[in-house]
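Nothing in this text is a laboratory measurement; each read-out follows from the coordinates by a stated rule. Owing to the predicted nature of the structure, the values given are computational and were not obtained by experimental measurement. Cβ sites come from the backbone with ideal geometry, for glycine too, and all protein chains shown count toward neighbours.
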Amino acid sequence: MSPSSPTTTPDVFVTGIGAISCLGGSASEFWTGLKAAAATARPTPVPGLTERVPDVLAYQVAGGATGATGATGPAGVGARADLGRAAGFALAAAREAVADAGLGPRELAGAAVVIGTAVGESGGRESGDRDGSTGDGNIGDGGIGDGGGDGGDGGWEPMFSVAASVGGELGTFGANISVSNACAASGYALSVAVDLIRRGEADTVLLGGAEGISWVPLASFSRLGAADPETCRPFDAERRGTVFGEGAAVLVLQSARAAAGRRTYGRVLGTAWSCDAHHPTAPDPGGEQLVRVARAALDEAARGPGDIGCVIPHGTGTRQNDVIEHQVLHEVLGEHAARTPLFSLKAFIGHTAGAAAAFAAVSAALMARHGEIPANVPLAHPDPECPVLLPQDGPTALERPNVLVNAYAFGGSNFTMVFGGEAR
């Protein structure tokens, strides 16, 4: 690896990853869970949201942000009992990613931190602990969430402090930026992180997404009739909405200079975002801006439709999203769409909201490292309105090492990334 010439777009490499999810407390457990499609995690009830919303399903992390996740969990879970749920997850994933990349103290001190989150530490504000005490991290026995709300002395604390919490704990002195624009947050954060490196403002960035289950999105989606009562099942004809998940995914992004001598997962080849502003919650049925953002990412990556080996769609399991995204992919990929495999990530871990794009990016990095796409969770009733290619019989070879990642959000915020794996 060598630095790019001045006439080309500077390379941005992924040198480390970390993840904590319902599949386990590390990136290796995440990958193992993805490969076990027949035995994937199932959502569990979150009881007692309100009288009108008695319970909703969610893909929850065992032990919570400040509880134990088992001997295989990454160092850092439980290290700070005063951290909110999202920050606790982010710190655990960040520590794993830092160790995976082999960052030394000097590199870590100079690193920037950019974290995407939809609701930040709002769970702590919902806990009902108005006497100034912090919650215990349990969901449903006195409210949702833990810590991060009243600060222990009854004073107000900001909800969007995840990046600052991670940077403060790890001792980074670069920019600490939290990005929050609903379910595209960590996608937009990824673009910010890439720009920091390409503009020469940072050589190393800890990029990620983090969410802790909180009351507002669960209750709101239930009241909207957009919460599936069984499981998250994108592209299934009987899907009835999405199911939220929690956790964090973090990647170490580095310039060519900083990545020299390290084993990498691949490169972020292109990112793009757009906004259609069609409706506060509904996607634009025309999908014009979704097509635009995908083509812009492909253009920046200097890749064409035939170069894509896999697509990780936004694929939430809502009626509209899946049909529209299928139509968009056919327009963007053209004749290649019918034979380009999709990996339906949310069927494994639920909709992790602002962390969704970061989890998809970690998945793309792992696919590139292993040269394969795990089997999808089997669909009971494939939807003829969105007949996408979802391989379900064992892993599929990643024949072309470029993965397209989509993330869409309320308000019409759209993100697409092209990730390029190393030649094997």
- Message: Check which residues have an amide H placed less than 5 Å from Ala237's amide H, if you skip close sequence neighbours.
- Response: His381, Asp383
- Message: Under the rule of at least 5 residues apart or a separate chain, name every residue whose amide H is placed under 5 Å from the amide H of His351.
- Response: Val243, Phe244, Gly245
- Enumerate the amide H contacts of Gln60 below 5 Å, restricted to partners 5 or more residues apart or on another chain; note that Pro and chain-start residues carry no placed amide H. Thr44
- Note on the structure: Quick calc, Arg295 & Arg257: beta-carbon distance into FRET formula, R0 41 Å, rounding 0.05, result 0.85
- With the Cα gyration tensor of segment 12-421 giving a ≥ b ≥ c as the square roots of its eigenvalues, does the rule (a/c under 1.5 for rounded; else a/b larger than b/c for prolate; else oblate) give rounded, prolate or oblate? oblate
- Task: Using only the Cα atoms of segment 354-424, build the gyration tensor, take square roots of its eigenvalues as a ≥ b ≥ c, and label the shape rounded, prolate or oblate: rounded if a/c is under 1.5, else prolate if a/b is larger than b/c, else oblate.
- Result: oblate
- So, in Å, what gap is there between the alpha-carbon centers of segment 281-350 and segment 186-235? 17 Å
- Cβ-based charge dipole, segment 194-257, positive-most Cα from Leu206, Gly245, Ala219: Leu206
- Message: Shape verdict for segment 283-369, please, from the Cα gyration tensor: rounded (a/c under 1.5), prolate (a/b greater than b/c) or oblate.
- Response: oblate
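Taking 0.36 nm per residue of sequence separation and subtracting the Cα-Cα distance, how much length would be gained by fully extending the chain between Thr281 and Arg198, in nm to one decimal? Before the final figure, lay out the partial values.
Details: separation 83, 0.36 × 83 = 29.88 nm, distance 3.32 nm.
Stretched fully, the Thr281-Arg198 segment lengthens by 26.6 nm.
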- Could you go through segment 262-276 in sequence order and give the Karplus-derived ³J(HN,Hα) for each residue, using 6.51 cos²θ - 1.76 cosθ + 1.60 with θ = phi - 60°, rounded to whole Hz, and x for Gly and Pro? 9, 6, 10, 8, x, 10, 7, 7, x, 9, 7, 9, 8, 9, 8
